[in-house]
Amino acid sequence: MAFDMKTAGQETVKPEGRHAIDETALTHFLARELPGFEGQVSVTKFGYGQSNPTYLLETTAGKQYVLRKRPPGKLIKSAHAVDREYRIMRALGTVGFQVPRVHLLCEDEAVLGTSFYVMDFVRGPIVDNALLQAIPEERRGIMMSIVRTLARLHSYDPAALGLLQAGSAYGRLGGFYERQIATMSRTSDAQVAGSAGMVPPMRSFRPLLDMFRAHMPEDKSCIIHGDWKPDNMILSQDPGPKEVVAVLDWELSTIGHPMSDLANLCLAYHMPAGNPVGYPAFDTSPGSGIPAEDEVHRAYCEAAGVTYPIVDWSFFVAFACLRLSVIAQGVAMRVAKGQSSALGAASEEVVRKVVAAAEFMCDLGFDIMRKARGE
């Protein structure tokens, strides 16, 4: 089914409860701080941006903006860092990369309860991660545009964009996967310990970490998005080939290894349909319009000016699997912890299903590494 080229993925609803916005307070703030702002503002909420709630602002003067804010409630200090999103989008905007223009960052929680930033509203469709909402004739072009845009992102020098300044560095050069392995290990251990005995260690987790450490890829560093996939892209709505016109959701961006982004995009090539994680799987059957993974690799290497084939590709995909397994394990831990000692039968079943999903992803990563090494 073809998606609506004007509204797909950009539908909004009136925010309620803890996600409601004080429109009067916001109007007064924008009138003081946003050049060119006029009139009153009305606020609706997008369905995307679940981690950091995202809102459409429409003024009585006919202008539209987007506001993205930290969620309400008690938060870990480093989580939901909208200030980092604002910083990277502002930096990339100076070199013409496809991001919405950002206007202001407000860290005064007295205004709306949590910090937020305001950017332009970019109209265009947002497709699902398996590209099923796009017609087959458009899917290859969409995928190639996503790949070329990724190569462009990786081409920028973080130092030239002011992202490596002493005392305020956006990330660290080198050692990305070493740090990630250490983080995944600590996080998984903490999730098991915090689950009241409901979440066991993943059976393939330690063997997979050992295999990673024994087969580390060449170290590289660049600006990475951290969650590079189709549903974080706004596409052109005009007739003709669909191009990426804006990239959203920079919450996980940092300085890291370029292949982590490409592997995240390509993970759908390695997922079976109907997998227990509910992760999208690319349909590469004849007539589907989805390019083969090898074609994606070639397109990236050509656009990025790097050697094809990609060395140690199995490592990068397997690590993407591991990362998703730890995320799923964290969901299981939060469900278990939230129910305390009075865990009901329904919640126990939810925990078991999410634990099985985490195990599946970890096992998949282990299998990918073993097969690549002929084991």
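The values are calculated or read from the model by the stated rules, or taken from the named source; none is laboratory data. This structure is a prediction, so every number in the text was calculated from the model and none was measured. Cβ: placed from backbone, ideal geometry, glycine included. Neighbour counts: every protein chain shown. Surface accessibility is based on the protein's heavy atoms, side chains included, excluding ligands, DNA and RNA. Shrake-Rupley method; radii C 1.70, N 1.55, O 1.52, S 1.80 Å.
Mind grabbing the accessible area of Arg186 for me, 1.4 Å probe, Å², rounded to tens?
150
Looking at the square roots a ≥ b ≥ c of the eigenvalues of the Cα gyration tensor of the stretch 273-354, which shape do they give, rounded for a/c under 1.5, prolate if a/b is larger than b/c, or oblate?
Taking the square roots of the gyration eigenvalues as a ≥ b ≥ c, the stretch 273-354 is prolate.
What ranking, highest mean first, results for peptides 285-293, 148-156 when packing means the other Cβ atoms within 10 Å averaged over each residue?
Answer by packing, highest mean first, reads 148-156, 285-293.
Using a/c under 1.5 as the rounded threshold, could you call the stretch 158-315 rounded, prolate or oblate? The axes a ≥ b ≥ c are square roots of the C-alpha gyration tensor eigenvalues, and prolate needs a/b larger than b/c, oblate otherwise.
oblate
Subtract the Cα-Cα distance of Tyr156 and Ala196 from 0.36 nm times their separation in residues, and report this length gain in nm to one decimal.
9.9 nm
Using the Kyte-Doolittle scale, find the helices of the chain whose mean hydropathy is at least 1.0 and whose Cα atoms extend 20 Å or more along the helix's long axis, counting only whole DSSP H runs.
313-338
Of the heavy-atom accessible surface of the chain (probe 1.4 angstrom), what whole percent is carbon and sulfur?
C and S atoms contribute 52 percent here.
Give me a comma-separated list of calculated 3J(HN,Hα) values for the stretch 276-283, in order, Karplus coefficients 6.51, -1.76, 1.60 applied at θ = phi - 60°, integers in Hz, x for any Gly or Pro.
Taking θ as phi minus 60°, the curve returns x, 7, x, 7, x, 10, 5, 8 Hz for the stretch 276-283.
May I ask you to order 13-20, 364-371 by the average number of other C-beta atoms within 10 Å around their residues, highest value first?
364-371, 13-20
Rounded, prolate or oblate, given the Cα gyration tensor of the stretch 215-287, with a/c below 1.5 counting as rounded?
Cα axes put the stretch 215-287 in the oblate bin.
Report the label-to-label distance for Thr284 and Ala166 in nanometres (one decimal), using points 7 Å from each Cα along the Cα→Cβ vector.
In this crude label model, Thr284 to Ala166 measures out at 4.8 nm.
Taking a cut-off of 27 Å, what percent of all Cα-Cα pairs in the chain are separated by more than that?
Distances greater than 27 Å cover 54 percent of the Cα pairs.
Run lengths n ≥ 4 of DSSP H only: what is the helix-derived mean residue ellipticity at 222 nm for the chain, with -39500 (n - 2.57) per run over all residues, to the nearest 500?
The per-residue figure over the chain is -13000 deg cm²/dmol.
Here are some pairs, Lys14/Lys353; Lys69/Lys242; Lys63/Lys242; which of them have Cα atoms lying more than 27 Å apart in this structure?
Correct reply: Lys14/Lys353; Lys69/Lys242.
Determine ³J(HN,Hα), in whole Hz, for all residues of the stretch 51-58 in sequence, where each value follows from phi through the Karplus function 6.51 cos²θ - 1.76 cosθ + 1.60 and θ = phi - 60°; x replaces Gly and Pro.
5, 10, x, 10, 10, 9, 9, 10
So what does log10 I(q)/I(0) come out to for the stretch 86-224 at q = 0.10, 0.11 Å⁻¹, using the Debye formula with one equal point on every Cα and no solvent?
-0.62, -0.75
Which order do the peptides 315-328, 264-277 come out in when sorted by mean C-beta neighbours inside 10 angstrom, highest first?
Peptide ranking by packing, descending: 315-328, 264-277.
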